[in-house]
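A quick write-up on the structure given underneath.
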Amino acid sequence: MALKQRKRLGDLLVDAKLISEKQLQKALVAKKTNEKLGHYLVEQQLITEEQLADTLEIQLGIQRVQLNRYPIEAHLIRFVPKDFATKNELMPLKQEANKLVVAMADPMDFFAIEDLRMMTSFQIEPVLALRDEITRAIERTYQLDSSVVKEISMQAESAPKEVDDGMNEEMAPMIQLVNQVLFSALKQRASDIHIEPFENRVFIRYRIDGLLKTVRTFPKGIHSALIARVKIMAQLNITEHRLPQDGRTKFSLEGDVLDLRISTLPTIFGEKIVIRLLNAKQLVLDLEKLDFNAYNLQNFRKLIEQPSGLILLTGPTGSGKTSTLYTALMHLNKEESNIVTIEDPVEYQLEGVNQVQVHNQSGLSFATGLRSILRQDPNIVMIGEIRDKETAEIAVRASLTGHLVFSTLHTNDAIASIPRLIDMGIEPYLVISALSGVVTQRLVRKICKECKEAYEPTKMEMELFEKYNMNVEKLYKGNGCPACDERGYQGRMSIHELFRLDQPLKEMLMNQTSLHLVRTKASQNGMIQLVEDGLEKAALSLTTVEEVLKVAFDH
């Protein structure tokens, strides 16, 4: 292995022509006795951290890892104290038999490697990682109280028993572990936590800004107790392992009350759990903050302030449809209005709105609930989702009899909602008469403000903007920084397509004009297509063209 050559870092940097021999000798004299040469050179801006890492990777043949995307086996921190890891800038990653793989900012620090070998009794295999990445990994992973990790790991190494009551003293460290997983997810703005069992490990993954990220792994032996603890929180049956279960609970964390929606699923390696984190404090109920551009916001106001009609929001799961619907309802929530919703599930509780939870086991479906709601003298009705002909039929007829009806539908774009309802078995003339407008929505990641930088658009990007009669001289992207965990993005925003059915468009649809011509006419009348709205936001340096094209069709 190249590491055995023990060539000094300064010589490697001189060989790579990144610094001169004179600069090296000057640095060796100027740096503090305990200060590492690489750190000194980076701080003096003689080299960058990337150049330092590239030199070590290429010339020493040591593997380089990106810690923000590496599944760290968190239980290994019991072998390496946090002070030692911080002082020597290293992070234990995984155990392979009697070998410990350790990420190091300086894999040539043979004193640290030897100390680690003596401390752990493992053979040490160093891999290379950036100093900042190691610092963040230490803070993230050592958030777990080391005594908790040690106790859990020791329990996992002993013959694991099936948890039968979940209330014994052995659950105490598991309660702490689950609380800390929830706290870490909240700090990292995660929307979901995935607990995934595999043959030898349990993976903890967070969904952050729409993307899953592995944050920790634990020994398989803790799986039963971990699942039991989560089930107890949601009041699920801890003895049932063969069937999926759904539950919810409220959880108070540092002043925030989280609504947790919990779903279990049996897999070949045990039960997988997904926890959806709903934080009422993060719910935006202001039309001005829904990311509509000025033109779409004006049209959306007109659409929802009319006295009757059917208004649909379309888009995939997790695209923010419910938040937009809730915001519209709260905008219309006046003393003189009776607003009733039927949802599955009720995600947030709205003051002054009568919310009904679907309960299919008891016979309370969307259709049966909607029939009862219409006997409750409502002005405004919100249906969580139109899933079948019966619900669609009642919703259409309610909108034609003087009610303002909101609902969601799964379609790729706004105009596709019309054939979707017709395919459900609703008469075309009823659909066209009832439907007032459709909003299609997607979420795209926002460029990180800390590392945003301009670049010249590519030929493909220029052609795309020209197609929509838009000119751009520069676009923006994020380079990646500690603030965004090296992703280049932080947070998400909505892009929209708003289709209003005026009388000429309704006449075209009644005459069975093709949807392509209807779309063309709507665009001529001012409708901003989904991809067009996304490109406008990319031109304003809010997101990237790449993000827009991930979620929007270029018609």
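The values are calculated or read from the model by the stated rules, or taken from the named source; none is laboratory data. What you see is a predicted model, and the numbers here were worked out from it, not measured in a lab. No Cβ is skipped: glycine too gets one built from the backbone with ideal geometry, and neighbour counts run over all protein chains shown. Quick note on the areas: whole protein, heavy atoms, side chains included, nothing else; ligands and nucleic acids left out. Shrake-Rupley method; radii C 1.70, N 1.55, O 1.52, S 1.80 Å.
Only the Cβ atoms of Lys and Arg (+1) and of Asp and Glu (-1) were treated as charged; on that basis the dipole of the chain about its Cα centre amounts to roughly 600 debye. Farthest toward the positive end of the dipole of the chain, out of Thr55, Val356, Pro428, is the Cα of Thr55, where the dipole comes from beta carbon charges about the Cα centre.
From helices alone, the chain scores -10500 deg cm²/dmol at 222 nm; the rule is -39500 (n - 2.57) for each run of n ≥ 4 DSSP H residues, then divide by the residue total. Computed on segment 220-376, the Cα convex hull volume stands at 168 Å³ per residue. Using the Cα centre of the chain as origin and beta-carbon charges of +1 (Lys, Arg) and -1 (Asp, Glu), tell me which of Met527, Ser224, Ile273 is placed farthest towards the positive end of the dipole. Going by the Cα projections, it comes out as Ser224. Treating each Cα of segment 188-290 as an identical point scatterer and summing with the Debye formula, the log10 of I(q)/I(0) at q = 0.11, 0.14, 0.24 Å⁻¹ comes to -0.37, -0.58, -1.38.
From the mean inverse distance of alpha carbon pairs (Kirkwood) and the Cα radius of gyration, derive Rg over Rh for segment 437-555. The Rg/Rh ratio comes out at 1.08. Bridges between two residues of segment 8-142, per DSSP, are antiparallel at a rate of about 45%. Computed from the Cβ-Cβ distance with R0 of 51 Å, the FRET efficiency linking Lys22 to Leu332 stands at 0.10.
Across all Cα pairs in segment 347-488, the calculated P(r) in 5 Å bins from zero up to the longest distance comes to 2, 8, 13, 14, 12, 10, 8, 8, 9, 11, 6, 1 percent per bin. Taking only the alpha carbons of segment 1-137, we obtain Rg and Dmax values of 14.9, 45 Å in that order. Computed on protein heavy atoms with a 1.4 Å probe, the accessible areas place Lys334, Lys449 in the order Lys449, Lys334, largest first. Label-to-label distance for Arg64 and Met118 is 3.2 nm, based on points extended 7 Å past Cα in the beta-carbon direction.
Ellipsoid fit via the Cα gyration tensor, the chain: semi-axes of 52, 33, 17 Å, each the root of five times an eigenvalue, largest first. Stretching Lys521 away from Phe110 to a fully extended chain increases their span by 140.8 nm, per 0.36 nm per residue minus the current alpha-carbon distance.
Of the listed pairs Lys389/Lys521; Lys281/Lys302; Lys474/Lys506; Lys213/Lys334; Lys99/Lys477, which have alpha-carbon separations greater than 32 Å here? The pairs that break the limit, which is 32 Å between Cα atoms, are Lys474/Lys506; Lys213/Lys334; Lys99/Lys477. What does a probe at Asp246 reach in segment 331-364, counting residues whose amide N is under 16 Å from the point 7 Å along Cα→Cβ? From segment 331-364, the list is 342-348, 356-364. The charge dipole of segment 419-535, taken about its Cα centre with unit charges on the Cβ of Lys, Arg, Asp and Glu (plus for the first two, minus for the last two), comes to roughly 200 debye. When the Cα positions of Phe465, Ala328, Leu498 are compared along the charge dipole of the chain, Phe465 comes out farthest toward the positive end, with charges on each C-beta of Lys, Arg, Asp and Glu.
For the chain, what % of the accessible area comes from carbon and sulfur atoms, probe 1.4 Å? Looking at the chain in its full context, I get 49 percent from C and S.
Potential lengthening of the chain between Asn379 and Asn237 amounts to 47.1 nm, from the contour at 0.36 nm per residue minus the alpha-carbon distance. Based on protein heavy atoms only, the chain ends up with 48 Å² per residue of surface accessible to a 1.4 Å probe. Ligands, DNA and RNA aside, Leu515 has an accessible area near 70 Å² when probed at 1.4 Å. Note on Lys449 and Leu212: the extension gain reaches 83.2 nm, defined as 0.36 nm multiplied by sequence separation minus the Cα-Cα distance. Using all pairs of distinct alpha-carbon atoms, the Kirkwood hydrodynamic radius of segment 489-554 works out to 13.2 angstrom.
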